[in-house]
Structures are given as structure tokens and as C-alpha cells.
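Undergrad: Below you'll find the structure I mean.
The values are calculated or read from the model by the stated rules, or taken from the named source; none is laboratory data. This one's a predicted model, so the numbers in the text were calculated from it and none came from an experiment. Counting neighbours? That spans all protein chains shown, and the Cβs are built from the backbone with ideal geometry, glycine included.
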Amino acid sequence: MVFDFATPVERRHPSGSWPSQKWHHYGDKVLPLWVADMDFVSPPAVLEALHARVEHGVFGYGLVPDSLRETVCAWSAQHYGWAIEPEWQQWLPGVVPALHLASMALTEPGDGVLTVTPIYPPFLKVAERTGRTPQQACMREPAAPGETWCLDLEALEAAITPRTRLLLWCHPHNPTGRVWERDELAGLAELVERHDLYVVSDELHCDLLLEEGASHVPLAAAFPALAERTITLWAPSKTFNLAGLTTACAVIPDPELRRRFAAAAKGLVPDGNVLGLAAAEAAYGQGEAWRQALLEVLRDHRRRLVERVAHWPGVGMAPPQSTYLAWLDLRKAGLGESPQRALLERAGVALSDGADFGHPGFVRLNFGTTATQLDAALARLDKVLKA
Ligand SMILES: Cc1ncc(COP(=O)(O)O)c(C=O)c1O
């Protein structure tokens, strides 16, 4: 089956009926390569499932269908070799809410909530918003072109205090796109056990590995001893471009952790978005061919980006190993204190500001758009960055 990833879809809807964060936040002349959603129509099977659900016409409180739970078990076994049980799945309206709920469920006020930077900005807010103490360790920067960002275990160990209780982990990593090596994860697992920490492993981008032959292993599956202290977060939102349907899944093997997480969620988050649940089942059940086609498109877009960046003096980028986000070092690009603002004003391209990820001087670029739009944005960036 041929899928269309090339025809631009109007997301700046002229009537303004369906405003999108990505396309409406900045002015009409700006090309948006910032917030992490893609400009692609979701898989046909998802659209069909949504049509059928809408046709039913009744949108009262739903339940998570057993068939969805079974579909996710099958997806996990097939793609990740992890045999999960239907009852381990707690469905909820987003991964970010799950990060906050985990903090409330697994730690006490004042406890340390640790993460590594740079990191997807909400990770940096969880501790403060839940009355805990934020703790951070920096990743190791690429020392030379061709190298990647790495986990710095010594820095992580140094950031741990006796009050540290929870590690918020991103696997694969947003914003660097790193797919962690087995030895990095082994070091992490050892440290987590030795310090008796809980882990939230946000694996939202795990279905989008760009390196041929690369494989994702959920943290709790790679190190079974960690399973009883780990909450794994999955969602169809990045893979199948469904973020607006606010549907995610926490996979929690340990019954006591599951109970605590469910108790924290009670009354704070609604059970399930009936459209999101229908879409999730269709995506995981029938979206594989679409996902494979998407990966080819993203690989091509990454290639286009890498070629351009090579011509931008002073700009560093380790090619992302996963997802549709690239992390650019602009500290030596001569764009002043805020390269994000400079590129917005001078090139008319909206990128995400590295300062929000804990690293000023960097930007994150979303290449999950049509080739036409990506090329147009890169041509605009060329005018500023090639100079
Ligand atoms: C690593 C990561 N976690 C969570 C989210 C947001 O998830 P949700 O929209 O389900 O809250 C994103 C979105 O970009 C992300 O990249």
C-alpha cells in the first residue's frame, strides 16, 4: 500500500476551525519546526476506526477495551520481545500526566526527582510541580564531529543524594535522539538498584528508530530485576501522529506500584478518551505498514538535514538515531544569546529553544513534516546559517 507523506496538509486552517499549537503559535509567515507532532495524516486504519467510532454516535464514559490491551501485549511481544500482561496496562490521557502521577505515587514531599539534561522540558518541571526536589545531571557532549551525546554515569551518581527516590528516564532520548547502548543501560540499572530508586522510563519514541537494524529494548525488559521498580510509558501519539487524541499507556508489572499509581490518578485524570482508545487499537493493530513507510520518509528527511548542517559553519549536530527531532548546537554560530529567537526573527523558522531543555545555545528541530516544507525551512535557515 502506498501512503502519502508528501502532500502538505493545511494545518493553518483558513477558518481557524482546527487550530494547531505548532502552526498557530507563531505568525502566518513563520515555518514551524518546533513542537513534536508531525504534519502527516495518521494511518488509514486509524481514520477508519475513528469514522466507525464516530458513526456509533454515543460518547459516554468508556472502558479500555480488552482487545486494545491484547493488541498492545502482541505489539510488545512482537517488537520488543517483552511479554507483558493486559492488567499491567494503565491507560491515561498523556505521558506528561503520567510523569507527574508517578512522582506523586512513588515519592514523598521533598524527595529528590532526578533526570539527565538536556531533556524534554516537562521532565524539568515534575519535581517542582509535585512538591519534590529537582535534581539533574548533564549528559556528556559529543567531543568531536561524528560522536554522539552519551550518558555520564559519574555525573548521574554525583547528582544522587540520600533523598533521591525517582529517576525520570527518556529512552530513546528526546532531544538528542540517542538510542542508548546496552552498556549505558547496564550502568544505569546498576546505579538504580544500588541507590534503591524507582524509574519512569518514558519510551514514547521507541517505535521510531532510524538506524537500520537498531532495536529497542524496554528498560524493564532488558533488566528484569528493574521491572518491579519501573513504570514504562508508551503511547501511539508520536509513532502514529495522534497527540491530540490524548491517549497513553503506563505499563506497570508490579501490583503494588500499579495500585499506588492508580490511586494517584484517581480523581485527577479522566479514564480514557473513547476516540483515542479506538485510534490506539487501530494504530497498534493495523498501522505497521504505515509505520515502516514513515520510517523511510524520516530517514530521508534526516539525510536532507545532515547534508544542510554540514554547510552551516559553527553548527554541531550528532545525527539523531531515532524519532523526528534533531538537536543542534548553535553556541558557535554567532547568533547571540538566543539562537532560537535569532532564527525566528531572521529566518522565519520556529524551532524549540534549548534553554527550555536546560541547555541554552541549542535548538531542537522537528523534521516530521513534508519534504517540501522541510526544504523550504532549510532554505530559509541556509540564508542565515550559511553566511
Ligand atoms: C519524551 C516525551 N514524553 C512525553 C511527551 C508528551 O506526551 P503526551 O502528549 O502524551 O503528554 C513528549 C512529546 O513530545 C515527549 O517527547
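Undergrad: Any idea how many residues of the range 220-262 are away from the ligand (no atom under 14 Å from the Cβ) and either assigned to a helix (DSSP H, G or I) or free of Cβ contacts under 8 Å to residues at least 60 places away in the same chain (or both)?
TA: Number satisfying all stated conditions: 20.
Undergrad: Ok, one more. Answer yes if at least one residue in the range 263-282 is β-branched (Val, Ile, Thr), more than 13 Å from the ligand (Cβ to nearest atom) and touching a residue at least 60 places away in the same chain (Cβ under 8 Å), and no otherwise.
TA: yes
Undergrad: Another question about this same structure. Out of curiosity, is Val297 more than 22 Å from Pro86 (Cα to Cα) and more than 16 Å from the ligand (Cβ to nearest atom)?
TA: yes
Undergrad: Does Ala355 qualify as being within 26 Å of Leu204 (Cβ to Cβ), without any contact (Cβ under 8 Å) to a residue 60 or more places away in the chain and in a helix (DSSP H, G or I)?
TA: Here the answer is yes, as Ala355 does meet what is asked.
Undergrad: Moving on. Enumerate the pairs (first residue in the range 70-99 and closer than 16 Å to Cys206 by Cβ and in a helix (DSSP H, G or I); second residue anywhere and away from the ligand (no atom under 14 Å from the Cβ) and aromatic (Phe, Trp, Tyr)) with beta-carbon separation below 6 Å, excluding pairs fewer than 6 apart on the same chain, so at least 6 apart or on different chains.
TA: Short answer, once both residue conditions are applied: Val72/Tyr284; Trp75/Tyr284; Ser76/Trp82.
Undergrad: If you scan the range 136-158, which residues turn out to be among the hydrophobic types (A, V, I, L, M, F, W, C), outside any strand (DSSP E or B) and at pLDDT 95 or above?
TA: Listed by number, the residues that qualify are Met139, Trp149, Leu151, Leu153, Ala155, Leu156, Ala158.
Undergrad: Has the range 122-135 got at least one residue that is part of a strand (DSSP E or B), out of contact with any Phe, Trp or Tyr (no Cβ under 6 Å at 6 or more places or on another chain), crowded, with 19+ Cβ neighbours inside 10 Å and among the polar types (S, T, N, Q)?
TA: Checked the range 122-135: at least one residue is part of a strand (DSSP E or B), out of contact with any Phe, Trp or Tyr (no Cβ under 6 Å at 6 or more places or on another chain), crowded, with 19+ Cβ neighbours inside 10 Å and among the polar types (S, T, N, Q).
Undergrad: I'd like the full set of residues that are more than 17 Å from Pro270 (Cβ to Cβ) and either among the polar types (S, T, N, Q) or within 12 Å of the ligand (Cβ to nearest atom) (or both), limited to the range 101-117.
TA: Hits for the range 101-117 are Ser103, Thr107, Thr115, Thr117.
Undergrad: For the range 86-100, does any single residue satisfy the condition of being of a type outside the set (Lys, Arg), away from the ligand (no atom under 16 Å from the Cβ) and crowded, with 16+ Cβ neighbours inside 10 Å?
TA: Yes: one or more hits.
Undergrad: Out of (1) under 26 Å from Gly316 (Cβ atoms); (2) in contact with a Lys or Arg (Cβ under 8 Å, 6 or more places away or on another chain), what's the single condition that is false for Trp180?
TA: All conditions pass for Trp180, except number (2).
Undergrad: Now, a different point. How about the range 162-185: which of its residues are touching a helix residue (DSSP H, G or I) at 6+ places or on another chain (Cβ under 8 Å) and either within 19 Å of Val96 (Cα to Cα) or among the hydroxyl-bearing types (Ser, Thr, Tyr) (or both)?
TA: Arg165, Leu166, Leu167, Leu168, Trp169, Cys170, His171, Pro175, listed by residue number.
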